[in-house]
1. With a ≥ b ≥ c the root eigenvalues of the C-alpha gyration tensor of region 44-86, is it rounded (a/c under 1.5), prolate (a/b larger than b/c) or oblate?
2. Helix-only estimate, please: 222 nm mean residue ellipticity of the chain, summing -39500 (n - 2.57) across DSSP H runs of length 4 or more and dividing by its residues, to the nearest 500.
3. Which of LYS29/LYS157; LYS29/LYS67; LYS67/LYS157; LYS13/LYS67; LYS13/LYS157; LYS29/LYS142 have a Cα-Cα distance over 23 Å?
4. Rounded to the nearest Å, what's the spacing between the alpha carbon centres of region 13-30 and region 124-160? Just the number, please.
5. Once the cut-off is 21 Å, how many percent of the Cα-Cα pairs in region 1-87 end up in the long-distance tail?
6. Taking the solvent-accessible surface of protein heavy atoms with a 1.4 Å probe, what is the per residue accessible area of the chain in Å²?
7. Nearest 0.05, what FRET efficiency do PHE35 and GLN173 give at R0 = 35 Å with Cβ-Cβ as r?
8. Could you work out what % of the accessible surface of region 78-119 is carbon and sulfur, using a 1.4 angstrom probe and leaving DNA, RNA and ligands out of the count?
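The values are calculated or read from the model by the stated rules, or taken from the named source; none is laboratory data. This structure is a prediction, so every number in the text was calculated from the model and none was measured. Methodologically, a virtual Cβ is constructed for each residue, glycine included, from the backbone with ideal geometry; neighbour enumeration extends over all protein chains shown. Heads up: the accessible areas ignore ligands, DNA and RNA and are worked out on the full protein's heavy atoms, side chains in. Shrake-Rupley method; radii C 1.70, N 1.55, O 1.52, S 1.80 Å.
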Amino acid sequence: MQKKSFNTQVLIKVALLSAIAFILMRVFKFPLPAFPTFLEIDFSELPAIVGSIVVGPFVGLGVTVIKNALAFFNSYTGGVGELANLLVSLGYLLPLAFMLRKNKSFKTIVIGLGLGTVAMAIVGAFANYFILIPLYGLEVEKLPFVLTVIIPFNLIKGVIVSIVSAVIIKAMQPALRYLSLKKSN
């Protein structure tokens, strides 16, 4: 009986965090000057980060997949933008998820966010070069575009999202500790 209750609680948390992530992805976004308008900063990774810390690393990854699945149904890019967001978000979250398996200290989270920023830039570069630019049908020289637009944008986005996430997580640390302890009881 306990296992069923735990699974229901996890599903509810994933659903709520996914809904929040979807709203952050669609409503609270902004472009950066000097970058194409289809590249936008959003904070939809924050609920996935919180889910990874409170419930477990795979919850954060699930939130990312669900948020992009929801976005797919009202996509203006034919799903290519959502695929791009899914790939770079997973690139951002996987190092953090790996780090959280060993330790959930604030220092570990910050290191995971830093590694995630670098991974986001690398995944974004490869995904754009091999998959996304051809799917978008962009008429650009791929390598210069990836080197001068995609990598810098993802590094800037990763730094901004990491700083905001670190500030929010630091402020929420007592509550996150309580929720993590409550999970284990």
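1. prolate
2. -25000 deg cm²/dmol
3. Values: LYS29/LYS157 11 Å; LYS29/LYS67 15 Å; LYS67/LYS157 18 Å; LYS13/LYS67 13 Å; LYS13/LYS157 26 Å; LYS29/LYS142 25 Å.
Long pairs (Cα-Cα over 23 Å): LYS13/LYS157; LYS29/LYS142.
4. Centre-to-centre distance over Cα atoms comes out at 24 Å.
5. Working: 1235 of 3741 pairs.
For region 1-87, the share of Cα pairs beyond 21 Å comes to 33 percent.
6. Numbers: 9860 Å² over 185 residues.
With all protein chains present, the chain gives 53 Å² per residue.
7. Values: r = 33 Å, r/R0 = 0.94.
E between PHE35 and GLN173, to the nearest 0.05, is 0.60.
8. Roughly 72 percent, rounded to a whole number.
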